[in-house]
4 protein chains.
Amino acid sequence: MPLLTEAAKGVYVIAVTPFLDNGDIDWTSVDRMVDFYEEKGVTGMTILGLLGEAPKMTSEESKAIAKRVISRAKVPVIVGVTAPGLAPMRELADSVMEFGAAGVMVAPPWTTKTDDQAYAFYTSVGDALGKTPWVLQDYPLTTNVTIAPKVIDRIVRDVPTCVMLKHEDWPGLAKISALRASSDKGETRRISILCGNGGLFLPEEMGRGADGAMTGFCYPEMMVGVVENYAKGDVERAHDIFDAYLPLARYEQQQGIGLSARKYVLAKRGVISSAALRKPGGALSPKDIADVERLLARQAKRLTEIGA
Amino acid sequence: MPLLTEAAKGVYVIAVTPFLDNGDIDWTSVDRMVDFYEEKGVTGMTILGLLGEAPKMTSEESKAIAKRVISRAKVPVIVGVTAPGLAPMRELADSVMEFGAAGVMVAPPWTTKTDDQAYAFYTSVGDALGKTPWVLQDYPLTTNVTIAPKVIDRIVRDVPTCVMLKHEDWPGLAKISALRASSDKGETRRISILCGNGGLFLPEEMGRGADGAMTGFCYPEMMVGVVENYAKGDVERAHDIFDAYLPLARYEQQQGIGLSARKYVLAKRGVISSAALRKPGGALSPKDIADVERLLARQAKRLTEIGA
Amino acid sequence: MPLLTEAAKGVYVIAVTPFLDNGDIDWTSVDRMVDFYEEKGVTGMTILGLLGEAPKMTSEESKAIAKRVISRAKVPVIVGVTAPGLAPMRELADSVMEFGAAGVMVAPPWTTKTDDQAYAFYTSVGDALGKTPWVLQDYPLTTNVTIAPKVIDRIVRDVPTCVMLKHEDWPGLAKISALRASSDKGETRRISILCGNGGLFLPEEMGRGADGAMTGFCYPEMMVGVVENYAKGDVERAHDIFDAYLPLARYEQQQGIGLSARKYVLAKRGVISSAALRKPGGALSPKDIADVERLLARQAKRLTEIGA
Amino acid sequence: MPLLTEAAKGVYVIAVTPFLDNGDIDWTSVDRMVDFYEEKGVTGMTILGLLGEAPKMTSEESKAIAKRVISRAKVPVIVGVTAPGLAPMRELADSVMEFGAAGVMVAPPWTTKTDDQAYAFYTSVGDALGKTPWVLQDYPLTTNVTIAPKVIDRIVRDVPTCVMLKHEDWPGLAKISALRASSDKGETRRISILCGNGGLFLPEEMGRGADGAMTGFCYPEMMVGVVENYAKGDVERAHDIFDAYLPLARYEQQQGIGLSARKYVLAKRGVISSAALRKPGGALSPKDIADVERLLARQAKRLTEIGA
């Protein structure tokens, strides 16, 4: 499998972890999920991220999931390897690269407070990872660490293996503009920027120079449609598609029940066998389900109206 | 002006504070804004909230704004009086009630950690405020204080002057359901619940038993339309209106530039003379303005399509 | 009264706010407290800080306290003027400078995340305050804002009215060393550094180049003794005095009851009439009082042993 | 090895993780450290805690350390097994109990906000751990989760395998008093309470009814001396010993460099071969070392004076 580079574009969907109702990993659904994402046109996948259910797995399970997804996937796979120390980070990174991952992703520790600390952390990450290409995960809402654009520029300049930014600052539009201004002026390398935040700002992010999305909304068709139409210059069409999915995408952004909603829809679409979350984890109430069903019905109607 | 009661319904719009370009309060725009909100059908107004620019004013300015808005308004006005001590809270509350406010609103201090601490704080608020009716402002995203439904129930049971919940937990749908279940069973008084979060979950919140909205989106028509249609049972129409405004409402939820976007639109609509924020405060970049203009154009088109 | 300058040294004690048991300000104790601090050898006083009970006062009370303390004091008085906007900050600063304050103190807003944001905030503070000398309050434990030494250097270089750092990072010894290295090399002005944190690291802070203390321990004799002995080169004597007071100083550092303990001791020493905190505020339990009494007895014995 | 029970008393020292200068685990020092702690009179050890360097190890290394320490130790060993999910928590717990651990320790997830959530979390922990006795780790400063005494009482009542509280609230004296009042009245079981916070409040905590300490200060003699003298009723002697060590204990409480100071002293005492922290981790500067050396010299002198 080729390694991740600065040229990466499109949609790297953040995969869920399918479990059976009893909490065991559902390997059949893992395979079906990989196939489903590829059928819907994603250009890559990201697994073992900060959110989701990766932290609920044992380290053996994490590696087994990574191995299975990477073996099955025809598209590049990025693996989250964030850890409190460089040793466990490198160990996981080495394992998954051996399995055939395209690259790894690293978020900063919550103790990062100043520009210099963020820079120092990521240069030590670069040292520890050797030749493995990696993604800088900028995710202030969860990590509580804000990394200014000029600090990212400095990291990009000094650490050649940093090839992508998972962009998830909120608001983050000005950040994309600032990073692209730097690379347009030739002050830094131009790296790939893929955006998160559930895709809630995807059209505007594309407008600022993002290369695509890295997020997990249960209709990857939305991200693929927005990114492709933007890429070919049809901005209004990109917005039309986005707007049709927005009510559901917004519903999925509720911390706590969002992941349950995502799995509910994926199960309903036949992708995974069970919508169950591993413990500790919630479940949709009947009222939540009624909300989701109404949104799905309205979404289907709207998609028909716009011919998507 | 009649006092606020548990029967309050509809849309209490959170008013912006209009400034001239030089940072002075723009009194002409204050008056025009009050008239505008009333023309659009709001049932009340809320001023001096936690966010927005109220904290940037001197205490004399705050009182002057409260006096002006209350004098001008034909609808009830709620005034935020959150303060680090009971003495300054009561002082401001007494002043604004004398001006004719309908009630006041109080958020918990960030030092509140346990159920008992939240209960103790709000019973002391009730004591301090005497007969003044007040709104419990539940706003975990900013205050970092989560108040469980059963704690709110306990406060409502023991403090008769607590007549409204400003609901802004995220996710908060289950919270509304829980509170309504308690009052439906007769375990507590049924108080008014008005929802915030920029209106981003308003149709679903109405579905759970909310009485309306308390938020500041630049098109109060959205909140009024959703609430009115829900109230008369036309749920799909409520969603249609909501969906048409959602792309812009979402854009306004960007922390930092959201308020600039709101003021930009209100200035464009002729409500306030200047979109300027008082220092320290940002401004929209040309790219932000282009985003907003595109969203406004698309919104106008979509509203025409649905006949709204 | 002369204005605060970079040459400030010694102990600027953070004054408590004396209340009567009914919560009213105790003006007689205010005067007695000012005299007490001066008798114990402080070189200045700081009022209306972030902690303590200043936020519990109305704005009129705050100004009245500032006026009373400044009129009474023979030593320079610094007044905390931190506010969410530049307008209320400047208004309070102008008032207290007119009363005769030596300077004002400003902490950063909690929204400050990056080096550039901290720099931008303090340059705008410098602009807003005109010629008034001011203290940069660096207090990460409460404000959650960490300002790197090189950012402080940048502010000091560009804003000539910044004359003092209230140092309260924890750990902060390396920060003092870094700031002194910059000024020793002539890269920045040498400003005054006074240290907080309840005095818990005062001898070591003096060893790194601090000019003294700005904190509120109920025995200002401790800070005065440590600073004076350090200044004349008797480091071991400074430590002897420090160690004798440390068990009580540590007890005062308990968030929540620390201030009650401080007021209990000040009342016992005859400085203030009542140990009461204004609402909302706790009180020492009988067990807390027994703890404090034991520490006071042991402290008196130890002070006798070392001849202090 | 017998299992942990509610009767546990004394000092469970939190062990450091010894590394060689190159970052590898230093197994020789691991053994020597176990022997050293036992010679100094500890009644137990705790490994793989939240702080320290346990998170920097791979999961294989963590298990290997646990196995080695448990095999070597003649006293009971408690192992931290906090994890984001019940599955990895149970997996580690099962492993270490098989090695012969006396029990495990679990901190709450940072998403815990309300009383009911804390209760629900710990009942699910009890379910997941089966018969394994466990320690409730109450550590608000790091986890940002505050658990009220009555919630702990409720957990203790309903989950018989909860046998100990690692107490680390700050301030926490009133919490111990409240918990002991409940068990004295027979409302709950009396569980063991061991206190953390670097031992900085140990004499007062013993006075409130704590059974001992669980913390990692580089002189376990301090904790042993305080706990033993308190147990036999010699409160003043307990304070004398405490006061002699307090200046150094305070220095060790500096977040960031505290662990470096602890390892520096342990290396100087011949317990571990290298003071090095595994990456990422700091090191003492020459000025820090001078501080520590001065404190050690003064401590030795003071210990001689009091005949300890």
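The values are calculated or read from the model by the stated rules, or taken from the named source; none is laboratory data. Not measured: the values here are computed from a predicted model. Cβ placement follows ideal geometry from the backbone for every residue including glycine, while neighbour counts extend to all protein chains displayed. SASA here: full protein model, heavy atoms, side chains in, ligands and nucleic acids out. Shrake-Rupley method; radii C 1.70, N 1.55, O 1.52, S 1.80 Å.
If you bin all the Cα-Cα distances of segment B:10-234 at 10 Å, starting from zero, the percentages per bin are 8, 34, 38, 18, 2, 0.
Ranked from shortest, the separations from the 7 Å Cα-to-Cβ label point of D:Ala283 to its equivalents in the other copies are 5.1, 5.5, 5.5 nm. Shown for segment C:73-99: residues covered by the partner protein chains by 10 Å² or more of accessible area relative to the chain by itself (probe radius 1.4 Å), namely C:Pro84, C:Gly85, C:Leu86, C:Ala87, C:Pro88, C:Glu91. Taking the Cα centre of chain B as the origin and placing charges on Cβ (Lys, Arg +1; Asp, Glu -1), which of B:His167, B:Gly44, B:Ala276 is farthest toward the positive end of the dipole? The listed residue farthest towards the positive side: B:Ala276. Both chains summed, the buried accessible area for D and A stands near 1400 Å², from protein heavy atoms and a 1.4 Å probe. Each other copy holds its own label point for B:Lys232; taking that point as 7 Å from Cα along Cα to Cβ, the gaps run 4.3, 8.7, 8.8 nm, nearest first. Once the other residues with Cβ under 15 Å from the Cβ of B:Pro84 are scored (Lys, Arg +1; Asp, Glu -1), what is the net sum? So the surrounding residues net to +1. With the highest mean first, a sort of the peptides C:219-229, C:98-108 on other beta-carbon atoms found within 10 angstrom per residue produces C:219-229, C:98-108.
For the peptide A:241-251, the mean number of other protein chain Cβ atoms found within 10 angstrom of a residue's Cβ is 3.
Let me make sure I get this right: for segment B:55-162, a, b and c are the square roots of the gyration tensor eigenvalues over alpha carbons, sorted descending. Under 1.5 in a/c it's rounded, otherwise prolate if a/b > b/c, else oblate. Which is it? Since a/c reaches 1.5 and a/b is larger than b/c, the shape of segment B:55-162 is classed as prolate. Here segment A:10-234 carries DSSP beta bridges of which approximately 5% are antiparallel, counting only pairs with both residues inside. Using the Cβ-Cβ distance between B:Glu60 and C:Lys131 with R0 set to 25 Å, the FRET efficiency from 1/(1 + (r/R0)^6) comes to roughly 0.55. Taking every DSSP bridge with both residues inside the protein assembly as shown, close to 5 percent are antiparallel.
Put simply, when B:257-266, D:260-269 are sorted by average Cβ atoms within 10 angstrom per residue, most first, you get B:257-266, D:260-269. Surface composition of segment D:10-234: carbon plus sulfur atoms contribute 51% of the solvent-accessible area (1.4 Å probe, protein chains only, all chains present). For chain D, the solvent-accessible area of protein heavy atoms averages 36 Å² per residue (probe radius 1.4 Å; ligands and nucleic acids excluded). Net charge in the neighbourhood of D:Lys287 (other residues with Cβ under 15 Å of its Cβ; Lys, Arg +1, Asp, Glu -1) is -2.
Averaged over the residues of peptide C:295-302, the number of Cβ atoms from other protein chains lying within 10 Å of each residue's Cβ is 2.
For trypsin sites (Lys or Arg not before Pro), the sites in segment D:166-234 that DSSP calls loop and that have at most 12 other Cβ atoms within 10 Å are D:Lys185, D:Lys232. Among residues other than C:Gly100 with Cβ under 12 Å from its Cβ, the summed charge is +3 (Lys and Arg +1, Asp and Glu -1). Here the dipole of chain C is about 140 debye; that uses its Cα centre as origin and unit charges on the Cβ of Lys and Arg (positive) and Asp and Glu (negative).
Placing +1 on the Cβ of every Lys and Arg and -1 on the Cβ of every Asp and Glu, with nothing else charged, gives segment D:44-191 a dipole about its Cα centre of roughly 420 debye. For segment B:58-92, trypsin sites (Lys or Arg not before Pro) meeting the loop criterion (DSSP other than H, G, I, E, B) and having at most 11 other Cβ atoms within 10 Å: B:Lys74.
Only lysine pairs 8 or more places apart, or on different chains, with alpha-carbon atoms under 19 angstrom apart are counted in segment A:86-188, and they number 7.
Summary for D:Lys9: label point 7 Å along Cα→Cβ; distances to the equivalent points in the other copies, ascending, 5.4, 6.7, 7.4 nm. The dipole here belongs to the protein assembly as shown: it is taken about the Cα centre, uses +1 on the Cβ of Lys and Arg and -1 on the Cβ of Asp and Glu, and is about 0 debye. When the Cα positions of A:Ile70, A:Ala120, A:Val96 are compared along the charge dipole of chain A, A:Ile70 comes out farthest toward the positive end, with charges on each C-beta of Lys, Arg, Asp and Glu. The two copies B and C are related by a rotation, and the chain B beta carbon nearest its axis, with distance in whole angstrom, is B:Ser59, 2.
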